[in-house]
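Step one of this worksheet: look at the structure below.
The values are calculated or read from the model by the stated rules, or taken from the named source; none is laboratory data. Given the structure is predicted, the values throughout are model-derived calculations rather than measurements. Here the Cβ positions follow ideal geometry from the backbone for every residue, glycine too, while neighbour counts run over all protein chains shown. Ligands, DNA and RNA are stripped out before the accessible areas are found, and what is left, the full protein with its side chains, is counted by its heavy atoms. Shrake-Rupley method; radii C 1.70, N 1.55, O 1.52, S 1.80 Å.
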Amino acid sequence: RAKDTGKNNYQFYTRQLTSNAVQKMEVELDLRRAITEAPEELEVFYQPQINLVTGMVSSAEALVRWQHPDGKRIGPDEFIPAAENTGLIIPLGQHVLRQSCLDFLNWQREGLELERICVNVSAVQLLRSSFYEDTQAILQETGIPPEALELEVTETALMKDDETVAHVLAQLQDKGIQIAIDDFGTGYSSLGRLQSLPVDRLKIDRSFMPEDAQAHGDHALITSVLSLASNLNLEVVAEGVETEYQAELLIRNRCQLAQGYLYSPPLPNSAFVEWVRRHTEVMQF
Ligand code: C2E
Ligand code: MG
Ligand code: MG
Ligand code: MG
């Protein structure tokens, strides 16, 4: 009997495994189809970043969504890992970067005065030897000034490899492209390393946003990151700002920039343009 049960478990286990592996392969094949045949399914949404001193929109973060033909909208956490495992992150990343640059230039033409567009890049992209040239090519092809582009690199990606990533970031920064460390605080980078990296901004991970006035530990974390950044001459973007309480805390502690549901969720391009127009009008009265 024990043997039977064992056998059944084994069969159950392999069946599970197979179906997971098949499911994974299906996602990868479908993603390949989308990227090569229907890149418009991969739509770029934009979330405003607010300058906490002036109250104006300073910039926007590009966040990709997969508008699947079967009607579902799939978030990046569900397909970026598959894109990274298959190398599809390379054409996907180029698609997002090109679209973001083009949309930014359109905003300028329509009179929106944003300083820059922020685009996420994964470690897989940065570790490719042609990343610098590929990025330069997209800047030239679209005509966006390098100062108007910020690349967001997660703290974890920065720790994967010492030299290659630091070197390519330095090359990009030399060209005028801005560099931000994303999800800062989740990756344990040393202060020495932080100072040696070519970086312009830190994005504090949203897990550090205190819920309320009672969360004393969180306050200490936020205020120490802000004073550390100011000593290193780095600007700080607070992510995941959802309440007035959090915004006031950030303003009191001289955080420069914030983004989050308090202001706006990520929006499709046309809704984003409308949002910035309305926000600008409100701020000018
Ligand atoms: P991230 O770069 O840290 O982006 C911030 C995430 O927080 C976004 O999730 C955004 O929608 C969400 N968010 C913004 N404000 C709030 C808020 O007030 N509260 C809460 N709870 N969440 C908020 P999203 O769009 O699902 O993206 C998840 C991650 O996927 C991103 O994290 C980024 O690491 C990755 N990602 C998105 N687009 C791209 C891309 O084009 N390329 C690459 N390589 N990664 C991307
Ligand atoms: Mg980001
Ligand atoms: Mg982040
Ligand atoms: Mg994140």
Label-point gap, in nm, between Thr223 and Lys160 - each point 7 angstrom along Cα→Cβ: 3.7
Length added when fully stretched, Glu26-Leu127, from 0.36 nm per residue minus Cα-Cα: 33.7 nm
1.4 Å probe accessible area per residue over the chain, in Å²: 53
Amide H contacts of Glu61 (H built 1.01 Å from N, under 5 Å, at least 5 apart or other chain): Gln47, Gln49, Cys118
Cut-off 19 Å, label 7 Å out along Cα→Cβ of Ser270, residues of the range 101-120 by amide N: 102-112
Ser196-Glu244 pseudo-label distance in nm [points 7 Å out on the Cα-to-Cβ vector]: 4.7
Difference of contour (0.36 nm per residue) and Cα-Cα distance, Asn233 to Ala137: 31.5 nm
Net charge over other residues, Cβ less than 14 angstrom from the Cβ of Ala34 (K, R count +1; D, E count -1): -4
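If you take every DSSP beta bridge fully contained in the chain, what fraction is antiparallel? Give it as a percent rounded to 5. The partial results should precede the final answer.
Working: 15 of 38 bridges.
Beta bridges within the chain, antiparallel portion: roughly 40 percent.
Once you have the Cα-Cα distance between Ile251 and Arg277, take 0.36 nm times their residue separation minus that, and quote the gain in nm to one decimal. Each step should come with its number before you reach the end.
Numbers: separation 26, 0.36 × 26 = 9.36 nm, distance 2.34 nm.
Full extension of this stretch gives 7.0 nm more.
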Of all accessible heavy-atom area on the chain, the percent that carbon and sulfur account for (1.4 Å): 51
